[in-house]
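What follows is a set of notes on a single structure, which appears directly below.
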Amino acid sequence: MTTSRAESLAGRFYWVPLLLIAGLLAVDQVKGPVFHPTPGKKPRLPKSSAAAAATLDREDPRADATSTLTAAPDLLSQDERVGGLLSGSGSPDEATKKVDGIRTQLAVNPRDYRLHYELGNALYDAGDQPAAISAYRKAIEINPKFVKAYVNLGETLRERGDLKEAVTSLETALALDDKSDVAHAALGFAYYTDRKYPDAMSQFKTALTLNPKSVHATYYMGMAFADAQIYREAITWWEKVCDIDPNSDACLEARENVNLLKRIVN
């Protein structure tokens, strides 16, 4: 997702509702749509409605509208590319060509940790997550203080379901740079995926304090409110995503979710 550093974020953040959400989720009282992030770039249409969201557990003819809510956007996307975290995106074929080019460069400079990192990004774009993980780990082996590699490694591990290792990688990134809003948002989503909701909310709040224009944390806030069936608040947060960056993949996904939720609340 492409992040504009010039766009302003409208509105103020109110944190009292977070305690309500955390409490509801912590005791499993929520029966709203549960989002499951899916790897890959746009378009990321689920193979079935269950791949994107759980069916609402209630008798409501409008409930099916939420079953197609778009899954949360992954963090390994264009947003970090503004800060150099990822190279340009493209088709899998383009990514594969880039993989070949980077490997040619690595044959000459095998200790270039940035090349290993870029190789991980290209492999991720090509759909080879195990190889991407290996490349990120190689970059870290060469430069143990390379924060960006820890973030992308953590995100890839989370997508593969290795939450323990993902959290370890992201916590290491924050130990090296506790001002990284991207790392806080990524760690928050890893906690959220692991159903550690209060910890997740704390990380989202920190990310937004560090960077009120954080597309990731803003999107995840909308997701949390939607999961708690506080749909009007979810709509507000997802609309903020487009205030921040109207041209991003996250905005497209947020807008789809807003349109679906408005069928419920209106």
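The values are calculated or read from the model by the stated rules, or taken from the named source; none is laboratory data. Predicted model only: the values in this text are computed from it and were never measured. We place every Cβ from the backbone using ideal geometry, glycine too, and count neighbours over all the protein chains shown.
Of all residues in the range 155-184, those that are in a loop (DSSP other than H, G, I, E, B) and surrounded by 17 or more Cβ atoms within 10 Å (Cβ to Cβ) total 1.
Scanning the range 232-248 for residues that are of a type in the set (Ser, Thr, Tyr) and either surrounded by 19 or more Cβ atoms within 10 Å (Cβ to Cβ) or in contact with a Lys or Arg (Cβ under 7 Å, 6 or more places away or on another chain) (or both) returns a single hit, 248. Number of residues in the range 228-247 that are of a type outside the set (D, E, K, R) and out of contact with any helix residue (DSSP H, G or I) (no Cβ under 6 Å at 6 or more places or on another chain): the value is 5.
For residue 214, the conditions (1) in contact with a Leu (Cβ under 8 Å, 6 or more places away or on another chain); (2) surrounded by fewer than 22 Cβ atoms within 10 Å (Cβ to Cβ); (3) of a type in the set (Ser, Thr, Tyr) are fulfilled apart from (2).
For the range 120-138, the set of residues classified as over 13 Å from residue 155 (Cα atoms) and hydroxyl-bearing (Ser, Thr, Tyr) consists of 134 only. From the list 214, 169, the lone residue that is of a type in the set (Ser, Thr, Tyr) and within 18 Å of residue 114 (Cα to Cα) is 169. The helices (runs of 4 or more DSSP H) found wholly in the range 213-266 and carrying at least 1 residues that are basic (Lys, Arg) and modelled with pLDDT of 90 or more occupy 231-244, 249-265. Scanning the range 138-155 turns up at least one residue that is touching a residue at least 60 places away in the same chain (Cβ under 8 Å) and under 15 Å from residue 194 (Cα atoms).
Reported count of residues in the range 88-145, each being outside any helix (DSSP H, G or I), over 25 Å from residue 162 (Cβ atoms) and of a type in the set (D, E, K, R), is 2. If you filter the range 203-212 down to residues that are out of contact with any His (no Cβ under 6 Å at 6 or more places or on another chain) and part of a helix (DSSP H, G or I), you find that the one that is nearest to residue 244 (Cα to Cα) is 208.
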